[in-house]
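To start, the structure itself, in structure tokens.
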Amino acid sequence: MKRLHFCALAVLLCVLLLPSAGWCGAIDSRTSRFSVFSHGFRVGEATSVCSLEGSGERAMFRFSSSTRISASLLMRSYLLDKHEDALVGSGGTLRYSRTSRENGHPVVVQGELEHNEFRIRVTENRNVRTIVIPREQYDYTTMECPEMRLKREGETAALRLLDFETLEVVTRRYTWIRSEEIQVGGKSYRFRVVQFEDKNKRCRRWIRGDDVGVMIARQEGRGKAGSYSAKLVEYKTLLF
């Protein structure tokens, strides 16, 4: 049975643009909820909680997400229950973890930046393996939304990306295609439409920056064995 490939839903939920040194230092928490579709059918949902804590160079971004997919399409089905956490500082991702059960198959991933290396421990089928990736081998991780570094429509960039979905470094090409106005919660916002692709996937994302992070309104993706789309249905901001 082929696996439905939902292109890195955790990436869809990443919300990182660390604040400037003048940021007030309060805890700003964002909650996003997405409906996920495949072949026109709603097959699940994804939610995330993103928080910025501290100020200046000591600011930290905490990310937590849950994805649940239950798809039965023609001759195949796909079940996924996944939870991810990440901690990101001014120099990039410091820690990442994932627990998932995909079609009954459990996997646990735990990674941390140590001594200028990202060390990833993977537990699967009672087997444990370790992946070590030197920091100089990648520019960003998938938790850092590097497409927000593009300056203008039409600009492209090819970046070395540590992809936490596949646990490898890939060269991903980003293109800011155009900008669109989209209604979110009764308000109209202008989003940049960015397409990105690498050897494993091809996606298009509707994304905009705000005062402390980014908002993602929509994403469409395709991998080796399937496609999906996701739409933001709820977005809340809480300031503590």
Checklist line | Residue order for D81, D139, D28 - accessible surface, 1.4 angstrom probe, largest first | finding: D81, D139, D28
Next item on the list: Would you work out the relative contact order for segment 29-234, in percent, from Cα pairs under 8 angstrom that are 6 or more residues apart?
Entry: 13 percent
Item checked: Average accessible area per residue (Å²) across segment 29-234 - probe 1.4 Å, nucleic acids and ligands excluded -> 49 Å²
Check: What's the extension gain from R190 to I177 if we count 0.36 nm per residue and subtract their Cα-Cα distance?
Finding: 3.3 nm
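The values are calculated or read from the model by the stated rules, or taken from the named source; none is laboratory data. What you see is a predicted model; the values in this text were computed from it and never measured. For the accessible areas, the whole protein counts, side chains as well, though only heavy atoms, and no ligand, DNA or RNA atoms are used. Shrake-Rupley method; radii C 1.70, N 1.55, O 1.52, S 1.80 Å.
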